[in-house]
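Okay, so here's the structure we're looking at.
The values are calculated or read from the model by the stated rules, or taken from the named source; none is laboratory data. Remember, predicted model here, so these are calculated numbers, not experimental data. Backbone-built Cβ (ideal geometry, glycine too); neighbour counts: all protein chains shown.
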Amino acid sequence: MRCDACGTMNNETSRFCLYCGASLTTAGTEAAPANPATPASPAPPLPRAAPLRPVYVPRPRTPDFVGLFGVAFFFLVLGIVFYQNGNLLTELRRWWDQILAGRAAFRPPEGLIVSAGLFWGLLGVSNFGIAFLRWFFTRSRIRTLGALLGGIAMVTFSYFLYRYSLRDMSGSLVVSLEAAVIAVLLFVYIGLGLYWTTPRWRPSVEGIYRSPRP
């Protein structure tokens, strides 16, 4: 039995076309040419529709209010440091003159070292607050981890500067230890980032970003 819609030959007992699913009737068999020696050429099959792909719907961009909190904390910490050391600009100028004179290994003034330790310590504590805000408002694990590890690096550097001000550590030791701490924190950040973005997490993440928002 020939299908009237697509011309596909089907069994006589079939009620629907095996190719296009159209209903098969006896009228289709009667409409066939009487001369079986010269059968009519079958019609070309209908093209199949391409499968629908999910459409990417970008999320609307919103201001990073948590980042603005970070800028506000930075200026607050800067104000506290300048309030604690009124001669900070003078000490910075003296140290800069020594560097320009070719004495790069010259020990900075004691007040400048203390102020630098206070600055990095307060900035590290504010980074802990930024990490809490990012997790509370955005639930972004990568950004929260970055702020948290940045705070740990800053607080550690503040402690090294404190030991340097007490002359318990040399300047080269402070730099080498801080570089080692930053390297370890970077390994932690990269390792957790790769673990969170492995393929077993991608389907859920893509589903969140591609689902149409009301």
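In region 88-100, the residues that are surrounded by 14 or more Cβ atoms within 10 Å (Cβ to Cβ) form Cβ pairs under 6 Å with partners that are not in a helix (DSSP H, G or I), at six or more places apart or across chains, as follows: GLU91/PRO109; TRP95/PRO108; GLN98/PHE106.
Selection of region 71-126 for residues being among the polar types (S, T, N, Q) and in contact with a Leu (Cβ under 7 Å, 6 or more places away or on another chain) yields GLN84, SER115.
With a requirement of 1 or more residues that are of a type outside the set (A, V, I, L, M) and modelled with pLDDT of 90 or more, the helices (runs of 4 or more DSSP H) lying completely within region 65-168 that satisfy it span 65-84, 110-137, 141-165.
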